[in-house]
Amino acid sequence: MTDVLTGKEDVQRILTYAESVAKEARKALTIEFGQKHKGIPFSAAAKTLQDSLLAWFNRRDKNVKVTPSSVSTGPGWVRAVFRGEAKNVLRNPC
């Protein structure tokens, strides 16, 4: 029998999953950038990063919808902010 999670436990489960997927994305995109985008102009890095992340999530998990929110850059860094949502999952106790 499956116990229904409390609100706090459910939030912790979601945050743990999000952190895990973020680490996986970071690793995959680091490898992809080293192979496919080596030497691109820095001015193109933000858009390339955004497109790569959206494509990766589309391949990785169809239940997670990620949309770009904002991008900012500085000398040698890019910060991209995304919004994410997941489809509701019904949990039926066995």
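Name the residues in region 27-53 that are of a type outside the set (S, T, N, Q) and surrounded by fewer than 14 Cβ atoms within 10 Å (Cβ to Cβ), would you?
K27, I31, G34, K36, K38, G39, I40, P41, F42, A44, D51
Looking at the structure I just gave you, is I40 over 11 Å from the mean Cα position of the chain (by Cα), aliphatic (A, V, I, L, M) and in a helix (DSSP H, G or I)?
no
When K8 is evaluated against the numbered criteria (1) modelled with pLDDT of 85 or more; (2) in a helix (DSSP H, G or I); (3) among the charged types (D, E, K, R); (4) surrounded by fewer than 11 Cβ atoms within 10 Å (Cβ to Cβ), which criterion, by number, is the only one it fails?
For K8, the failing item is (1).
Looking at region 78-91, I want the residues that are modelled with pLDDT under 80 and assigned to a strand (DSSP E or B) and have a partner that is acidic (D, E) and surrounded by 10 or more Cβ atoms within 10 Å (Cβ to Cβ) with Cβ atoms under 9 Å, at least 6 apart or on another chain. Which pairs are those?
A86/D61
The values are calculated or read from the model by the stated rules, or taken from the named source; none is laboratory data. As the structure is a computational prediction, the values presented were derived from the model and not from experiment. Counting neighbours? That spans all protein chains shown, and the Cβs are built from the backbone with ideal geometry, glycine included.
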